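Right, one structure below, let's go through it.
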Amino acid sequence: MLFGSSLPPMTTATGPPSTIAEKEDALTPMLSQYLELCEAHDEALVLFQVGDFYEAFCEAAEEVARVCEVTLTQREDSTGTYPMAGIPIDNASSYVERLVDADYRVAIADQVEDAEAATGLVDRAVTRIITPGTVVEEELLASGTTNYVASAIESEQGEFGISAVDVSTGECFVTSVADRAGLSEELDRIAPSELLVAPETPTVTPANASTGWMETEVDAALFDREAAVDCLSAYVDPDRHLSTDAERRACGAVLAYAEYTQGDDGTLDYVSRIRRYEQQDHLRLDAAALRSLELFENRGLGAGDTLFDVIDESTSALGRRCLTRWLRRALVDREAIETRLDAVDALVDASVERAELQDGLAGAYDLERLVGRVSRGRAHARDLRSLQATLSVVPELVATLDGIDALAPYRERLDPLEEVADLIEGAIVDEPPTELTEGGVIKPSFDADLDELRTTEREGRQWVAELEAAERERTGIDSLSVGHNQVHGYYIEVTNPNLDQVPDDYTRRQTLKNSERFYTPELKERENEIFGAAERADSLEYELFCEVRDEVAAETERIQALATAIAELDAICSLSTVAAEGDYIRPAFHDGSADTGGINIEGGRHPVVETTQDSFVPNDADLSAGEVAIITGPNMSGKSTYMRQVALTCLLAQIGSFVPAEAAELPVLDRIFTRVGASDDIAGGQSTFMREMSELTEILHDATDDSLVLLDEVGRGTSTADGLAIAQATTEFIHDELGATALFATHYHGLTALANKREGVVNRHFAATREGDEVTFLHRVAPGASSASYGIEVARMAGVPETVVERARSVVESADRSQAESGPEEGQPTASVDHTPTESRPDSRSETKPDRSGTTTDSPNEQTGAVDNDRPSYPEESLDVGAEAADDRASYPEEEFFGGTADPAADDPLDEESMVRVAVALRSVDVASMTPLEALNTLDELRSELRE
């Protein structure tokens, strides 16, 4: 139905086996049944129940044997010999997981009638199809996670409808995006395990291939408007709940696919709340931001902590899943943020109540997944006992919340479902077995007929238990015993030496080597009573259990509402625990206008880094709305950590969390953009620089005056001149056109000159001290600019061979000497080459902004005590560019980028022969392929040539 004839089977292991299909007319009934199921589900690998095993045949068997590492056997009948491989049903989950991990869809064909009651061939049917996005088996799903299957379809207007459903919990949502960039961003945020696309829909490649999705191409008819609306109508009113045809088609398609994978039994009743949202309803984080901020995945070598790891103190799977949703979709409504902060605040200092809540919440099972199994009719008795156990803690939670006004909405939503709890408690035994058809599930007192049958069975077994002693006394045979087996039932066993003492009413049942087994008319009658009562009782128990399960399923929506309340309460407890134990404070918010200020953080800390280090240096962030901070300083001084901690502080605040700082006053952001780190995408045909520029493009197109932008070393992947030009133009565009608040970490020290030209650009730097060859990073941000990067020192610390380090130093010293020897013309400022402390240069506005530690930037040397041996300082006069520049180079003077002064000898008469040699050399230079150090070295040599 979903995979049309135009879509070929995925591999030779899926679809009808050619070896069997060739003999279709001569096949045995069982293989004919297998072939029919393979033809009906040609996109999947069919596992066919035969007794206690799931079997596969022919090519599918060979693949099952290879992937699951099981023995490949064979089946032989009158039509031929066929390869066969099987996995035990009792342990099928681990093998199915291997097949799914190998990108197979697995169709489970179960026996749907009792083999003993069947006449002829046992009827079989595919009861579910397991795919990466539609897994519902508890053993195959990680606790507290989401597992979405999503669909995307493009409208005639070029917009995209996106919908996703978690088949294990019933969560379903839908949205629209304007273009492919928005589609990619939203899918990266949803992070589905599987994506459905129609044949004409272009492939959507995940930004992070390591956490990507399986793309499933389905029949285009699945996305037809009429079919989609018909499917949707069983869940919601399509026209009232969804806005566009693309949304209706996407949502209808994904729900139809979900129904199909669950056995085509009709509507999934537990998918009762389809939520529509707009992208702007939440703080938007694209794939680059999710990756560089390390919210859920650490990019470093080996396993490492993430922001989620730090804030996750939840005690239930429900709370963990809720916290994940909050972090992926932070709030943008200030009132909603404050409401959640009120709830967190109420528990920060209430340690006793918080501990009581967490103790109660720890007893809550995963109701979202549990009610899904109940609704699908796949819950076993232990699931119902888990539900009852969860309901039993609700009154305790309500009592603990009594009197905490900020948590009153949660208290009101904690529905104890007393009638459901009482039903389960009265019907299901305390520790039921997993098998539902073998009895021992329902309490006898729950049903009068069941009680009578169990009484008959119990009394009969008691009579049998007493029979041995009675017969020994009656016959005088001390070795006589009474036993039972599955084949012959109850028997009386007498050893051969005592056979002459056997009474006449004993009837021989079985002869053994050393004994004989008998039964009596009364024993046979009791046996029939016991087995008859037990069989009827087991059957009645199953019927009663199904009735109880159906009654519970009728309360699906109430159970889901309770699950949501428990999940949110657990997430609130988690955030309050982190706040109390981590010394976090409640952030304040303003409207983000220029009048009320931008990002103001005192003593801010990186929430993850501080947990992994013995000590952490807090830093302030003071940015007006729309301000761009150029951050300079040594490598490894903490620039990237600082930028990320500002972004994470804003993000935490907007999920309703306290933040790691002494004080924080923040705007409500609409998006956080990051261009941080270097990585390529070879498979996608993107070099490191191309990927950097692609991410920069998205920022410059989509950022607004309510956005926060983090830029780290933009332009470093190309030639020095081009990189500098791109970095300056980007800074100017963000400031002049976008009005976004931005942090720009760079080693292009010439960018700091922009602080003297644009009111909304400020300089910040990270200082370091040097004693001899030893550099100490202070990890402290301060006003002003740095002109030293200490790259050579960092290279030495990293273990670069000493010969390379010394050569690098000699190149720098040569450049310094050349500049010093050129000397200034009369009236020209002198570029200092004196190796004395000149670490920071205050810009025109930073002088009036004191550091929160109490120091000011009036005297840079006094402020930092840092030294600069890497590059000469430069006075402000050398940064001014005349309005009458004669050529393009005047717009980007060397001294503005490199922090030096103009060459005083530039206008002196030059030797014609030297000019020719330099011109020839310049023609052969490929600047684009040079590193910045190579370019500087080449320029130095050419300048020396001209001076000679």
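Tabulated results
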{"item": "Single match in 352, 344, 310, 271 (criterion: in contact with a Cys (Cβ under 6 Å, 6 or more places away or on another chain) and either part of a loop (DSSP other than H, G, I, E, B) or more than 29 Å from residue 550 (Cα to Cα) (or both))", "result": "271"}
{"item": "Hey, residue 315 surrounded by fewer than 22 Cβ atoms within 10 Å (Cβ to Cβ), of a type in the set (Ser, Thr, Tyr) and under 17 Å from the mean Cα position of the chain (by Cα) or not", "result": "no"}
{"item": "Enumerated helices (runs of 4 or more DSSP H) restricted to the range 175-256, each holding at least 1 residues that are of a type in the set (S, T, N, Q) and at pLDDT below 90", "result": "180-190"}
{"item": "Qualifying residue in the range 106-120 (condition: in contact with a Lys or Arg (Cβ under 6 Å, 6 or more places away or on another chain) and buried (at least 19 other Cβ atoms within 10 Å of the Cβ))", "result": "yes"}
{"item": "Exclusive hit being without any contact (Cβ under 8 Å) to a residue 12 or more places away in the chain and under 24 Å from residue 391 (Cβ atoms), set 547, 568", "result": "547"}
{"item": "Residues that are touching a strand residue (DSSP E or B) at 6+ places or on another chain (Cβ under 6 Å) and either open to solvent by 30 Å² or more (accessible area, probe 1.4 Å) or part of a helix (DSSP H, G or I) (or both), drawn from the range 72-87", "result": "72, 73, 74, 75, 81, 83, 84"}
{"item": "Of all residues in the range 333-380 being out of contact with any helix residue (DSSP H, G or I) (no Cβ under 7 Å at 6 or more places or on another chain) and among the β-branched types (Val, Ile, Thr), the one that is farthest from residue 391 (Cα to Cα)", "result": "339"}
{"item": "Residue 710 vs. criteria open to solvent by 10 Å² or more (accessible area, probe 1.4 Å) and of a type in the set (A, V, I, L, M, F, W, C)", "result": "no"}
{"item": "Every pair of residues 6+ apart whose Cβ atoms lie under 8 Å, when the first sits in the range 40-67 and is among the polar types (S, T, N, Q) while the second is part of a helix (DSSP H, G or I)", "result": "49/89"}
{"item": "Some residue of the range 388-398 being of a type outside the set (Gly, Ala, Ser), free of Cβ contacts under 8 Å to residues at least 60 places away in the same chain, closer than 17 Å to residue 315 by Cβ and touching a Gly at 6+ places or on another chain (Cβ under 9 Å)", "result": "yes"}
{"item": "Residue within the range 737-747 that is polar (S, T, N, Q), over 25 Å from the mean Cα position of the chain (by Cα) and modelled with pLDDT under 85 present", "result": "no"}
{"item": "In the range 229-261, the residues that are within 29 Å of the chain's Cα centre (by Cα) and among the small types (Gly, Ala, Ser)", "result": "243, 246, 250, 252, 253, 256, 258"}
{"item": "Per-region count, the range 97-156, residues among the acidic types (Asp, Glu), within 21 Å of residue 187 (Cα to Cα) and not in a strand (DSSP E or B)", "result": "3"}
{"item": "Matching residues, the range 749-786, being buried (at least 24 other Cβ atoms within 10 Å of the Cβ) and among the polar types (S, T, N, Q)", "result": "752, 763, 786"}
{"item": "Residue in the range 592-613 that is touching a Gly at 6+ places or on another chain (Cβ under 6 Å) and more than 30 Å from residue 416 (Cβ to Cβ) present", "result": "no"}
{"item": "Output for the range 270-299, where each listed residue is of a type in the set (Asp, Glu) and modelled with pLDDT of 90 or more", "result": "278, 281, 294"}
{"item": "Residue list for the range 327-344, filter: out of contact with any strand residue (DSSP E or B) (no Cβ under 6 Å at 6 or more places or on another chain) and surrounded by fewer than 18 Cβ atoms within 10 Å (Cβ to Cβ)", "result": "333, 335, 336, 338, 339, 342"}
{"item": "Enumerated helices (runs of 4 or more DSSP H) restricted to the range 362-414, each holding at least 1 residues that are of a type in the set (A, V, I, L, M) and open to solvent by less than 10 Å² (accessible area, probe 1.4 Å)", "result": "367-376, 381-401"}
{"item": "The range 469-497: number of residues that are assigned to a helix (DSSP H, G or I), out of contact with any Leu (no Cβ under 7 Å at 6 or more places or on another chain) and not polar (S, T, N, Q)", "result": "5"}
{"item": "Qualifying position, being crowded, with 24+ Cβ neighbours inside 10 Å and hydrophobic (A, V, I, L, M, F, W, C), among 663, 653", "result": "653"}
{"item": "Cβ-Cβ under 9 Å pairs, at least 6 apart or on other chains, the range 147-167 side under 13 Å from residue 200 (Cα atoms) and among the charged types (D, E, K, R), far side at pLDDT 90 or above and surrounded by fewer than 24 Cβ atoms within 10 Å (Cβ to Cβ)", "result": "156/245"}
{"item": "Test: residue in the range 425-438 that is part of a helix (DSSP H, G or I) and out of contact with any strand residue (DSSP E or B) (no Cβ under 8 Å at 6 or more places or on another chain)", "result": "yes"}
{"item": "Enumeration of residues in the range 470-485 that are out of contact with any helix residue (DSSP H, G or I) (no Cβ under 7 Å at 6 or more places or on another chain) and more than 17 Å from residue 460 (Cα to Cα)", "result": "472, 473, 474"}
{"item": "Selection status of residue 453, at pLDDT below 95 and either open to solvent by less than 50 Å² (accessible area, probe 1.4 Å) or under 29 Å from residue 268 (Cα atoms) (or both)", "result": "yes"}
{"item": "Any hit, the range 624-639, residues being outside any loop (DSSP other than H, G, I, E, B) and open to solvent by 10 Å² or more (accessible area, probe 1.4 Å)", "result": "yes"}
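The values are calculated or read from the model by the stated rules, or taken from the named source; none is laboratory data. Quantities reported herein were computed from a predicted structural model and do not represent experimental measurements. Because the Cβ atoms are built from the backbone with ideal geometry, glycine has one as well, and the counts that use them run over all protein chains shown. Ligands, DNA and RNA are stripped out before the accessible areas are found, and what is left, the full protein with its side chains, is counted by its heavy atoms. Shrake-Rupley method; radii C 1.70, N 1.55, O 1.52, S 1.80 Å.
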